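Enquirer: The following block contains the structure, expressed as structure tokens.
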Amino acid sequence: MGRRDKSKFEKWFSLSRHKRRSGAKQLSSRISTDFRQQSKQLIANENIVYTHGSADNIDVHFMALKDEFSGQSELCYTHAKIIVLIRRGFETDNHFKLFEQLWQEEKKYLLKNLNTRWLIAAADTFSDYSDDDVVKSLSVACVCLLNTVKIQESERFITNAQNCKDDQIKIDQLNNEKRFALFDGTSVFKFGTDDTLRNMRWRIDKVAKFNIVGEILLEIFKRLQKFDTIYKRTKDRHVRDKTGWW
């Protein structure tokens, strides 16, 4: 059994948690709710420096975070700041309502302009704080999809698997309808013609109509077809139009 998350009671009495909230009130008061105007204001286009982890001092964290949004709009930065305040447990209910308001008002802009990292951060936030079970469930689906691809691509990176070549003999066997078991009743995907991903796309299209997080799930899935991931490489190998999914 995995380690459990701390209870709300345990988190309340966490000294580090209180330390990380220090100064949040002043910074929270600076967050503008004029979202449309912020979408038109660009942060100075300098070198992008991605944050890894976060400083205990929230002011320092916010300054470091701003470097991550160099060349992007103030609205994307505001979205990140709201998530940080929620994660630090500062006036969580109020900031989650603000987070929901932001997504309701600027959904199209955020879906187009947030990078995948912050789309997943949004899904995590919906999962942790929404009262809607459908929203929470689709949020977990977003995270499962991205993290599965992330660890698969990370393993490919550390093992130099990108240098491997296709085994034509195995491909020919698959094309001749031979099936190979992977694990627990699951067989090898038939590259080129398989309809599995097309059918999955159809199901994602349906749940995308449910709510905002369904649309985030669809956006993440579409992005996986554009970048060098297992999905794009599978797309590039596909030859049957009828079973395409993009």
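Please treat every number below as a calculation from the coordinates, not as lab data. Just so it is clear, the structure is predicted and the values come from calculations on it, not from any experiment. FYI the Cβ positions are ideal-geometry reconstructions off the backbone, even for glycines, and counts take in every protein chain you see.
Enquirer: Among 164-170, 196-202, how do they line up from the highest to the lowest mean number of other beta-carbon atoms within 10 Å?
Expert: Values: 164-170: 8.7, 196-202: 14.3.
Highest mean packing first, the order is 196-202, 164-170.
Enquirer: Charges at C-beta only: +1 for Lys and Arg, -1 for Asp and Glu. How large is the resulting dipole of the range 137-243 about its Cα centre, in Debye rounded to 20? Don't skip to the end; give the middle numbers.
Expert: Numbers: 21 positive and 15 negative charges, 54 e Å.
Result for the range 137-243 is approximately 260 debye, rounded to the nearest 20.
Enquirer: What fraction, in whole percent, of alpha-carbon pairs in the chain exceed 34 Å separation?
Expert: Numbers: 8635 of 30135 pairs.
The calculated P(r) of the chain puts 29 percent of pairs beyond 34 Å.
Enquirer: Another question about this same structure. Using the Cα centre of the chain as the reference point, and only Cβ charges (+1 on K/R, -1 on D/E), how large is the resulting charge dipole? Debye, rounded to the nearest 20.
Expert: On the way: 44 positive and 34 negative charges, 27 e Å.
For this selection, approximately 120 debye.
Enquirer: In nm, give the distance between the simple-model label positions of residue 187 and residue 116, each being 7 Å from the Cα along the Cα-to-Cβ direction.
Expert: Here the modelled spin labels are 2.9 nm apart.
Enquirer: Using a Cα-Cα cut-off of under 16 Å, which aspartates and glutamates could be cross-linked to residue 226, ignoring same-chain neighbours fewer than 8 residues away?
Expert: 153, 236
Enquirer: On to the next question. Over the range 91-246, what relative contact order in percent results from Cα pairs under 8 Å that are six or more residues apart? Before the final figure, lay out the partial values.
Expert: Values: 113 pairs, mean separation 39.1, N = 156.
Once normalised by length, the contact order is 25 percent.
Enquirer: Mind sorting 58, 31, 120 by how few other Cβ atoms lie within 10 Å of their own Cβ, fewest first?
Expert: Details: 58 25, 31 15, 120 20.
Listed from fewest to most nearby Cβ atoms, that is 31, 120, 58.
Enquirer: While we're on this one: Starting from the Cα-Cα distance between residue 104 and residue 162, subtract it from 0.36 nm times their residue separation and give me the gain in nm to one decimal.
Expert: Working: separation 58, 0.36 × 58 = 20.88 nm, distance 4.04 nm.
Here the answer is 16.8 nm.
Enquirer: Over 22 Å between C-alpha atoms is what I'm after, so list which of 108/209; 40/66; 81/150; 112/222; 150/242; 97/136 land there.
Expert: Details: 108/209 14 Å; 40/66 16 Å; 81/150 24 Å; 112/222 12 Å; 150/242 28 Å; 97/136 15 Å.
From 108/209; 40/66; 81/150; 112/222; 150/242; 97/136, over 22 Å: 81/150; 150/242.
Enquirer: Let me ask something additional. Applying the Karplus parametrisation 6.51 cos²θ - 1.76 cosθ + 1.60 with θ = phi - 60° to the phi angles of the range 205-210, what ³J(HN,Hα) value in whole Hz is obtained for each residue in order, glycine and proline being reported as x?
Expert: So the Karplus estimates, Gly and Pro as x, are 4, 5, 6, 5, 7, 6 Hz.
Enquirer: Could you order peptides 154-160, 97-103 by the average number of other Cβ atoms within 10 Å of their residues, highest first?
Expert: 97-103, 154-160
Enquirer: Something else about it: By count of other Cβ within 10 Å, fewest leading, how are 107, 235 ordered?
Expert: 107, 235
Enquirer: Right, something else. With runs of 4+ DSSP H residues as the only contributors, calculate the mean residue ellipticity of the chain at 222 nm using -39,500 (n - 2.57) per run, divided by the residue total and rounded to the nearest 500.
Expert: -18500 deg cm²/dmol
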